[in-house]
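Just so it is clear, none of the values below were taken in a lab; they were calculated from the coordinates. The model shown is predicted, which means the values in this text are computed figures rather than measured ones. No Cβ is skipped: glycine too gets one built from the backbone with ideal geometry, and neighbour counts run over all protein chains shown.
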Amino acid sequence: MVSLIKLLSYACIGVGIWFWFWGTLSLLNGRSVLFKLHTLSVGDTLGSILIIFGLLLRRPQDFPLLFLAIISLTVWNTMLGYVIAYSSTSDEYDQAIEETLIEASSAVSTGRSGGKE
């Protein structure tokens, strides 16, 4: 008979693999590239964490290593999401923000505030 821990471990690994396929299948839809990348990274992160958690249930003696893997996955994929979001902004958007900041700083330095003169 399969123990409850093994059954839960298999369930976590199975759901993790399902998240991997879910993230990969989202590449086939007709949405934007950024949406596809976001869905893929979320599916891969959740799937990998669930698979590692399933392994953790089966091998509790490797807790420090597997826990470090879960933390690393979470931090790495979050940072990668920020890099993708930053690199996807257009130059016109960056220029508009820069012009707004320059106008605001010149208004502060000349003593104008809130448009009331």
Where does helix 33-58 land angle-wise versus the long Cα axis of the chain, in degrees 0 to 90, nearest 10? 40
Determine, from the Cβ-Cβ distance of Phe63 and Val33 and an R0 of 30 Å, the FRET efficiency 1/(1 + (r/R0)^6), rounded to the nearest 0.05. 0.20
Report the Stokes-Einstein translational diffusion coefficient (µm² s⁻¹, integer) for the chain, Rh taken as the Kirkwood radius over Cα pairs, at 4 °C with viscosity 1.567 mPa s. 73
Distance-filtered residues of the range 39-62 - backbone nitrogen under 12 Å, label point 7 angstrom along Leu73 Cα→Cβ: 42-57
If r is the Cβ-Cβ distance from Ser87 to Thr24 and R0 is 25 Å, what FRET efficiency results, to the nearest 0.05? 0.65
On C-alpha positions alone, give me the angle between the axis of helix 91-110 and the longest principal axis of the chain, in degrees, nearest 10. 50
Helical mean residue ellipticity (222 nm; -39500 (n - 2.57) per DSSP H run of 4+; nearest 500) of the chain: -28500 deg cm²/dmol
Tell me the angle of helix 63-88 to the major Cα principal axis of the chain, expressed in degrees between 0 and 90 and rounded to the nearest ten. 30
Per-residue ³J(HN,Hα) for the range 14-29, Karplus 6.51 cos²θ - 1.76 cosθ + 1.60, θ = phi - 60°, Hz, x for Gly and Pro: x, 5, x, 5, 4, 4, 4, 5, 4, x, 6, 5, 5, 5, 8, 7
Can you give me the distance in nm between label points at Val15 and Val42, each placed 7 Å from the Cα along the Cα-to-Cβ direction? 1.6
